[in-house]
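The structure appears right after this line, and notes come after that.
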Amino acid sequence: MHKFMNSASPYLCEITLDVERVFGSEDVEKFESSVERGVAVFGHTPNLLVLADGIYKEWESICNLLSVLHTGKVAVCGGSLTNNQIEMMKESNVNILLKNFEKPQEVEARNWLIT
């Protein structure tokens, strides 16, 4: 099961992917309901940190999540992304800035999201 953690300061949602599962429509709904209060307060979806502990093969399914974001930054950390997958995810929502980090760069990814 994918794990969600939200914070208001900094305004951030962290998703740890279950590398054995697709990110389906029920996961998108769970994300939307978990950030509903923040959207009401801030007027937009939070910056997003997506963590993968291992090789994640379902990156295309993340595009469903990215398409519902209003604006902001998305840091993808780990998961062995190819350049084609990164470009596909960027194209799924032109209103966001997406940056790929390797798993050991998790601190840098967080810092990028909050600056």
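The values are calculated or read from the model by the stated rules, or taken from the named source; none is laboratory data. Just so we're clear, the structure is a prediction, and the values are computed from it rather than from any experiment. For neighbour counting, all protein chains shown are included, and Cβ atoms are generated from backbone atoms with ideal geometry for every residue, glycine included. Just so you know, the surface numbers come from the protein's heavy atoms only, side chains and all, with ligands and any DNA or RNA stripped out. Shrake-Rupley method; radii C 1.70, N 1.55, O 1.52, S 1.80 Å.
Here the contact order of the chain, divided by its residue count and restricted to Cα pairs under 8 Å and six or more residues apart, works out to 24 percent. Mean-square fluctuation check for the chain, GNM, Cα pairs under 10 Å: which of 52, 40, 75 is largest? Judging by the Gaussian network model, the answer is 40.
The Rg/Rh ratio for segment 40-115, using Cα coordinates for both the radius of gyration and the Kirkwood hydrodynamic radius, is 0.95.
Residue 92 exposes around 40 Å² of accessible area when a 1.4 Å probe is run over every protein chain in place. Shape class of segment 1-40 from the alpha-carbon gyration tensor: oblate, with a/c at 1.5 or above and b/c at least as large as a/b.
For the chain, give me the percentage of DSSP beta bridges that are antiparallel, rounded to the nearest 5 percent.
Beta bridges within the chain, antiparallel portion: roughly 25 percent.
Helix-only arithmetic for the chain: the sum of -39500 (n - 2.57) across DSSP H runs with n ≥ 4, divided by the residue total, places the mean residue ellipticity at 222 nm at -10500 deg cm²/dmol.
Summing Cβ point charges (Lys, Arg +1; Asp, Glu -1) relative to the Cα centre of segment 32-75 gives a dipole of roughly 160 debye. Calculated accessible area for segment 52-114 comes out at 54 Å² per residue, all protein chains present (probe 1.4 Å; ligands, DNA, RNA ignored).
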